[in-house]
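Trainee: Before anything else, here's the structure in question.
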Amino acid sequence: MAKIQMKTPLVEMDGDEMTRVLWQIIKDELINPFIDLKSEYYDLGLKKRDETNDQITIDASNATKKYGVAVKCATITPNAARVKEYNLKQMWKSPNGTIRSILDGTVFRAPILVKGIEAYIPHWTKPITIARHAYGDVYKSVEMKIDGPGVAELVFTAADGTVSKETIHEFKGPGVIQGMHNLDKSITSFARSCFNYALDTKQDVWFATKDTISKKYDHRFKDIFQEIFNKDYKDKFEAAGITYFYTLIDDVVARVIRSEGDYIWACKNYDGDVMSDMLATAYGSLAMMTSVLVSPEGNYEYEAAHGTVQRHYYAHLEGKKTSTNSVATIFAWSGALRKRGELDQIPELVEFANKLEKATISTIEDGTMTKDLALITSMDKSKVTVADSEGFIKAIRKELEAVL
């Protein structure tokens, strides 16, 4: 079979540890044999980020704005232990945070549903997509440790010199303070990304904050969402047969638990960070979640929703076989290839991406899976084959070749 030809490169961001190992196997077994891959490659491994003073992350982000589609491997966000382990110049910021800030995008995460991997909440029969705002709040906060009595104030000095102040707290003893911010521009991008994605996927949008307590900060999110929806999306939603509604986050959590799924749950940055992990676990596995960053300008960056699988990597370095779940990384590739095919009008590429996903799901449903899935499957264990990391990907290739 002739390889599928691409017109425009996609941006390829390599990563760290075990996911980096899987990345190459996926390319060797599932991508390169079938596609004449055109990619602009960036090594976002921790050593290269340190070597370039993290400029490579910025370059990869700008390349994504140029080409419109990127696929990213999981990467290390270093802590103090990692600084020592890798002998880093400094504790570099999260590459995901840098990418999200430059693209000003929203992260959409949804579970990959497979028969035999059941949700812990039985009536969650359809996927719930988390839309996570990717700018500001605690992730761009400043903090201070207070050692003793004093007054903490929130101070804003306008460009004309006017000063506004609010007392945060009058400390009688030690404590801590934190200052957060967000931008109307970013909140607007968040809202538009959510509404556009909803129109693409034909899903309702639920949005929730705590505006009854945070009467200015959270209320600003609520107001911007409603203004943009009323002005630019209300008629489009009605035509598409979908809805948007706002409620308090306490209420939306109760609604989520009672629902069957099939909607977009829009969350502020920290809420989305926590709730996406909660949903991933409730649906079965963080390694079975898709993740795509969508900017309001129409740029897309696909990635796995999990980390670099450090423990498996250390075992791999010792020459031991691992059984590492590569499904989310495979779906990152399929998502990026599908979007590249859609944008460049290459139906063969779109069809290949669809078949790659179906082959991956069929492999699991036929009983071949990694150890983590074998532990939680409801299938008859006598019919389950636990494959090692490479064997699982090769099993998917056999399924893929059968349908191509």
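Trainee: Taking region 84-178, how many lysine pairs are there with alpha carbons less than 18 Å apart, if each pair must be eight or more places apart or span two chains?
Mentor: For region 84-178, qualifying lysine pairs total 4.
Trainee: Given a Förster distance of 35 Å, report the FRET efficiency between LYS93 and ILE168 from their Cβ-Cβ distance, rounded to the nearest 0.05.
Mentor: It comes to 0.85.
Trainee: Round to the nearest 10 and give me the degree value, 0 to 90, for the angle of helix 249-258's Cα axis relative to the longest principal axis of the chain.
Mentor: 30
Trainee: How many angstrom separate the Cα center of region 372-400 from the Cα center of region 291-356?
Mentor: 18
Trainee: Can I ask one more? Hey, in the GNM for the chain with a 10 angstrom Cα cutoff, which one of ILE264, ILE146, ILE99 fluctuates hardest?
Mentor: Comparing ILE264, ILE146, ILE99 in the GNM, the peak value goes to ILE146.
Trainee: Among THR322, TRP124, GLY148, which residue has its Cα positioned farthest towards the positive end of the charge dipole of the chain, with +1 placed on the Cβ of Lys and Arg, -1 on the Cβ of Asp and Glu, and the dipole taken about the Cα centre?
Mentor: THR322
Trainee: Could you size up the charge dipole of the chain around its Cα centre, putting +1 on the beta carbon of Lys and Arg and -1 on that of Asp and Glu, and report it in debye to the nearest 20?
Mentor: 300
Trainee: Compare the Cα positions of PHE331, ASN87, ALA74 along the charge dipole of the chain (+1 at Cβ of Lys, Arg; -1 at Cβ of Asp, Glu; about the Cα centre) and return the one farthest towards the positive end.
Mentor: The Cα lying farthest towards the positive end belongs to ASN87.
Trainee: Taking springs between alpha-carbon atoms closer than 10 angstrom, which of ALA119, ALA159, ALA134 fluctuates most in the Gaussian network model of the chain?
Mentor: ALA159
Trainee: Taking the Cα centre of region 47-95 as origin, sum charge times position over the Cβ atoms of Lys and Arg (+1) and Asp and Glu (-1), and report the length of that vector in debye to the nearest 20.
Mentor: Charge dipole, region 47-95, about its Cα centre: 80 debye, nearest 20.
Trainee: On to the next question. Would you calculate the convex hull of the Cα atoms in region 324-404 and tell me its volume per residue in Å³? Don't skip to the answer; put the middle values down first.
Mentor: Numbers: hull volume 6.4 nm³, N = 81.
Measuring per residue, one finds 79 Å³ for the Cα hull of region 324-404.
Trainee: Does anyone have the angle between helix 347-365 and the longest principal axis of the chain? Alpha-carbon axes, 0 to 90°, nearest 10?
Mentor: Around 80 degrees separate the two axes.
Trainee: While we're here: Counting only helical runs of four or more DSSP H residues, what would the 222 nm mean residue ellipticity of the chain come to if each run contributes -39,500 (n - 2.57) and the total is spread over all its residues?
Mentor: -13000 deg cm²/dmol
Trainee: Something else now. Under a point-charge model restricted to the Cβ atoms of Lys and Arg (+1) and Asp and Glu (-1), what is the dipole moment magnitude of region 22-119 relative to its Cα centre, in debye to the nearest 20?
Mentor: 280
Trainee: Report P(r) for region 1-121: all Cα-Cα distances, bin width 10 Å, range 0 to the bin holding the largest distance, values in whole percent.
Mentor: Using 10 Å bins, I get a P(r) of 12, 35, 33, 17, 3 for region 1-121.
Trainee: Sticking with this structure for a sec: At 37 °C and 0.692 mPa s, grab the translational diffusion coefficient of region 93-217 from Stokes-Einstein with a Kirkwood Rh over Cα pairs, rounded to a whole number in µm² per second. Display every interim value, and only then the final one.
Mentor: On the way: Rh = 18.4 Å.
Estimated via Stokes-Einstein, D reaches 179 µm²/s.
Trainee: Mark the label point 7 Å from the Cα of ARG311 along Cα→Cβ and return the residues of region 361-386 whose backbone N is within less than 14 Å of it.
Mentor: Once the point is set 7 Å along Cα→Cβ of ARG311, 371-373, 375 turn out to lie under 14 Å by backbone N, inside region 361-386.
Trainee: Please give me the summed charge of the neighbours of SER101: other residues whose Cβ is under 11 Å from its Cβ, Lys and Arg +1, Asp and Glu -1.
Mentor: Residues close to SER101 contribute a combined charge of +2.
Trainee: Which is farthest toward the positive dipole end of region 147-239 among PHE221, PHE207, THR162, measuring Cα position about the Cα centre, with Cβ charges +1 (Lys, Arg) and -1 (Asp, Glu)?
Mentor: After comparing all options, I get PHE207.
Trainee: Compute the convex hull volume of the Cα atoms of the chain, divide it by the residue count, and report the result per residue in Å³ as a whole number. Each step should come with its number before you reach the end.
Mentor: Values: hull volume 71.9 nm³, N = 404.
Output value, Cα hull per residue: 178 Å³.
Trainee: So, counting K/R as plus one and D/E as minus one, what does the shell of residues with Cβ under 10 Å around ILE130 add up to? It would help to have the intermediate numbers written out before the result.
Mentor: Values: positive: ARG109, ARG132; negative: ASP271, ASP273, ASP277.
Value of the local net charge: -1.
Trainee: If you roll a 1.4 angstrom probe over the protein chains with everything in place, what fraction of the accessible area of region 272-327 belongs to carbon and sulfur, to the nearest %?
Mentor: That share works out to 54 percent.
The values are calculated or read from the model by the stated rules, or taken from the named source; none is laboratory data. Because the structure is a prediction, the values reported are computed rather than measured. A quick note on method: Cβ atoms are made from the backbone with ideal geometry, for glycine too, and the neighbour counts reach across all protein chains shown. These accessible areas exclude ligands, DNA and RNA; they are computed on the full protein's heavy atoms, side chains included. Shrake-Rupley method; radii C 1.70, N 1.55, O 1.52, S 1.80 Å.
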